[in-house]
Amino acid sequence: MQQKQQVILGIDPGTLVMGYGLIAVNNGKLSLLEMGVLQLSKYKNHPERLSLIFKKMEMLIRTHKPVAVAIEAPFFGKNVQSMLKLGRAQGVAIAAAMMHDLEAIEYAPRKIKQSITGKGAASKEQVWGMLQRILDFEERPEFMDATDAVAVALCHHYQMRNPMLNAGEAPIKKTTAKKQTWNTFLALNKDRIKLK
């Protein structure tokens, strides 16, 4: 029996640039539907930026009909004003999801990186490279916020596939070595890599 395609929307919230990414899960196969950014830096009025975030979320949800929305949780910075603005942006994205009866699940940046690359301290380039292999796409977006959002969506997929994990952690198999290398991770996770 063929399963219906499920779409997951990932959001990397921001008040200057908001990243979004949509992946489709169809009979266990993953594909990238869309990724991009909403550029907000040209708008000086913060409430206007929040309104645009809400409208973009509405458009993405109505167009792609996701079954879930995954949002990157903000990391704690030193600038309190920036943190407040980021929290508002995240809140607006969550509210838009809730308006469509979708639960918005948060994942910490470290957990997202861990689920995609096997390393919680991976660079944005390492995450992007792994996403290219898993989802089989060539393009390099102008803003890494877009690939970050795709990573959030993929992290949610892995979490739902194996709910026994802590939020966002990928199913990495145990190795006898004390420190797992990149090659070991790749060897143990062949199902997550597409070869050309």
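The values are calculated or read from the model by the stated rules, or taken from the named source; none is laboratory data. No experiment lies behind these values; they were computed from the predicted model shown. Note that each Cβ is placed from the backbone with ideal geometry, even for glycine, and that neighbours are counted across all protein chains shown.
Brief remarks follow.
- Scan of region 35-52 for residues that are hydroxyl-bearing (S, T, Y) and within 22 Å of the chain's Cα centre (by Cα), ordered by number: S41, S51
Residues are listed down the side, and each one gets a yes or a no for (1) modelled with pLDDT of 95 or more; (2) in contact with a strand residue (DSSP E or B) (Cβ under 6 Å, 6 or more places away or on another chain); (3) of a type outside the set (S, T, Y):
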residue: L9; (1), (2), (3): yes, yes, yes
residue: G14; (1), (2), (3): no, no, yes
residue: M57; (1), (2), (3): yes, no, yes
residue: I61; (1), (2), (3): yes, no, yes
residue: K65; (1), (2), (3): yes, no, yes
residue: S82; (1), (2), (3): no, no, no
residue: G87; (1), (2), (3): no, no, yes
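- Residues (farther than 18 Å from Y20 by Cβ and buried (at least 18 other Cβ atoms within 10 Å of the Cβ)) located in region 120-131: A122, M130
- Selection of region 132-184 for residues being surrounded by 16 or more Cβ atoms within 10 Å (Cβ to Cβ), at pLDDT below 50 and not hydrophobic (A, V, I, L, M, F, W, C) yields G168, E169.
- Which listed residue is of a type outside the set (D, E) and touching a Phe, Trp or Tyr at 6+ places or on another chain (Cβ under 6 Å), from V25, V17: V17
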